[in-house]
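Below is one structure, written out as structure tokens, with a few remarks after it.
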């Protein structure tokens, strides 16, 4: 019953059927809505309702998660929120009398239909417009309520073309895909390989030992990792990079100088990248191996993509400001969220909310997320800058810096660390690299930091935990 223009939620782990679904929905002219399998029932229901999904495709691993998405009666598509919360995108007035649940496996619940028994329908060969919507991909929600990013076939085509121009594309390339397909970083690999006729080496998820084995035995030439993944691989390999691997696209979070140095010393060929869902993955990417001499930079904007820095000192290099992007990879907008769309898309440019600068060679440097800025004693502190210094100290494996409410300073800088280090020695190290107001006033040690499925630290969750601990409001 899926028709052209229909919205289909896919709730599955990485598996071949997920890739089939991506192509099948494109063939039908339907819109893919990939759902994060790590979300709660409430979050999943809200996203499926907000995106107007009439069909949910699941598997045996996710059938139980999909069940609450099947309405037993008319239900409003609203997400429970705090009574005073007026910031959530409204879904009032949207009702679903019927939503079909399909499984690529043999279902265990009677309300779930097996995809195998659905009568196939012959489709005529037809062209589709590049401007047609291909997917609604929800952002991670690290900064607040998730927003449904509308991506078109045009976005994906030009993004794949520009990525290939930067990384190169060889007939025998084999791209390891262990990123979740429900994130643009995973889905975009499918389109890159489809466009250039190269192979995808698909893994259900990232498991260090298994990925390491595949890198050694499956002839992988390209891979996409976040820094956490690369760090774990370096820890288990304790040797040179895989011989067949010609490039690793490294993004999703800032990589520490120490991690980059370790990887380069072991012979890993890194292409450090910066991107966001709203720009269909990549915006700027270092050429393979070029990051060795410019650790911290994400390289030049990709082909067809323009980057400007707004709010810095006009005409001055290294002047920090908001990163704005223009090009064919920029999203159509946020689904059913005109206010957020109007804020993000202005005068033909995507306003990212990220802070950075361009150097004399035209390479982009990311300083921080604007929404994470800490204001202490009237001074602005970029958490990423402090984290970079902390991560350079031996023994610090992960770091998250946040601003916690303070009666005297408005906010005080607090560092949450994963690792075994001497607190006083760490502060002395900071004094040698940071202005006094940027040095953490508190250092907390934890076993692990909360992360999104794409490997980004949930800074807001860390901050809220500290506020509650300290009795702050």
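A few notes on this one:
- Inter-label distance, nm, simple model (7 Å from Cα along the C-beta direction), residue 322/residue 235: 3.8
- For segment 373-469: rounded, prolate or oblate by the Cα gyration tensor [a/c cutoff 1.5]: oblate
- Relative to the current alpha-carbon distance between residue 207 and residue 116, full extension at 0.36 nm per residue lengthens the span by 29.7 nm.
- Tensor-based shape of segment 122-184 (alpha-carbon gyration tensor, a/c under 1.5 rounded, otherwise prolate or oblate): oblate
- With bins 5 Å wide beginning at 0, the percent of Cα pairs of segment 389-428 falling in each bin runs 6, 22, 29, 18, 14, 10, 2.
- Per-q log10 I(q)/I(0), the chain, q = 0.08, 0.10, 0.13 Å⁻¹ (Debye; single scatterer per alpha-carbon; no solvent): -0.50, -0.79, -1.35
- When only Cα pairs below 8 angstrom with a gap of at least 6 residues are kept, the chain shows a relative contact order of 10 percent.
- Rounded is the label for segment 164-302, because a/c, from the alpha-carbon gyration tensor with a ≥ b ≥ c as root eigenvalues, stays below 1.5.
- Nearest-0.05 FRET efficiency for residue 453 and residue 244, computed from C-beta distance (R0 22 Å): 0.20
- Spacing of the two label points (7 Å from each Cα toward its C-beta) at residue 338 and residue 304, in nm: 2.9
- The residues 189, 417, 22, when put in order of fewest to most other Cβ atoms within 10 Å, stand as 22, 417, 189.
- Segment 241-305-segment 160-177 distance, computed between alpha-carbon centres (Å): 14
- Among 131, 454, 159, the order by Cβ neighbours within 10 angstrom, fewest to most, reads 131, 454, 159.
- Extension reserve of the residue 217-residue 123 stretch, reckoned as 0.36 nm per residue once the Cα distance is removed: 29.9 nm
- Once both labels are positioned 7 Å from their Cα atoms along Cα-to-Cβ, the gap between residue 38 and residue 446 label points is 1.3 nm.
- Acute angle (nearest 10 degrees) that the helix 459-469 long axis makes with the longest principal axis of the chain, alpha-carbon atoms: 70
- Nearest-ten-degree value, helix 153-167 long axis tilted from longest Cα axis of the chain: 50
- Highest-first arrangement of 7-17, 439-449, 248-258, where packing means the average Cβ count within 10 Å: 248-258, 7-17, 439-449
- Mean residue ellipticity (222 nm) of the chain, computed from DSSP H runs ≥ 4 via -39,500 (n - 2.57), nearest 500: -7500 deg cm²/dmol
- Note on the chain: antiparallel DSSP beta bridges, both residues inside, total approximately 60 percent of the bridges counted.
- Acute angle (nearest 10 degrees) that the helix 41-50 long axis makes with the longest principal axis of the chain, alpha-carbon atoms: 70
- Counting neighbouring Cβ atoms within 10 Å and putting the fewest first, the residues 206, 138 line up as 206, 138.
FYI, it's all coordinate maths here, none of it is from the lab. Keep in mind that what you see is a predicted model, and the values were worked out from it rather than measured. So basically every Cβ, Gly included, is an ideal-geometry build from the backbone, and we count neighbours across all protein chains shown.
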